[in-house]
Amino acid sequence: MTTTLVRNGRVITASDDYVADLLLDGGVVRQIGLKLAVGADVAVVDATGLYVLPGGVDTHVHLENVIGHIVTCEPFASGTKAAAFGGTTSA
C-alpha cells in the first residue's frame, strides 16, 4: 500500500467535527493535523469541501427470522460472519 495524505478534509468522528489533514500509511491513519508536511513520494488527495469519516457498518439484519410460514435463509453463523465483513468503505 502507498502512503497518502488527505488534505483539508472535514473530519467527522463520533465526538468531533473539524477540518484537518490525515496521513495514511498501509491503510492506517498515522497522523492527523494541520498543514502536515510530506515528501514527494506521498500521494496527496485534496479533500477540500469533502467529508472524511470512518467506514459505516450496517447493523440491521434478519437472521433465522420466522414470519408465519416464511423463514429467512440466513442462519446465525454465516449471517454474523457476513456482517463482520460488511459495511461501507472505499480506498
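The values are calculated or read from the model by the stated rules, or taken from the named source; none is laboratory data. None of the values given here were measured: they were computed from a predicted structure. Every residue, glycine as well, gets a Cβ built from its backbone with ideal geometry; the counts of neighbours run over all protein chains shown.
Tabulated results
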item: Index of the failed condition, L63 passing every other in (1) within 19 Å of the chain's Cα centre (by Cα); (2) surrounded by 10 or more Cβ atoms within 10 Å (Cβ to Cβ); (3) aliphatic (A, V, I, L, M); result: (1)
item: Subset of the stretch 61-91 (residues that are part of a loop (DSSP other than H, G, I, E, B), in contact with an Asp or Glu (Cβ under 8 Å, 6 or more places away or on another chain) and either at pLDDT below 75 or aromatic (F, W, Y) (or both)); result: V61, H62, G86, G87
item: Test: residue in the stretch 50-60 that is more than 15 Å from the chain's Cα centre (by Cα), assigned to a loop (DSSP other than H, G, I, E, B) and of a type outside the set (D, E); result: yes
item: Residue that is farthest from L5 (Cα to Cα) [pool: residues in the stretch 17-49 that are among the β-branched types (V, I, T) and part of a strand (DSSP E or B)]; result: V19
item: Among the candidates G56, G39, G26, residue that is within 28 Å of F85 (Cβ to Cβ), surrounded by fewer than 14 Cβ atoms within 10 Å (Cβ to Cβ) and out of contact with any strand residue (DSSP E or B) (no Cβ under 7 Å at 6 or more places or on another chain); result: G26
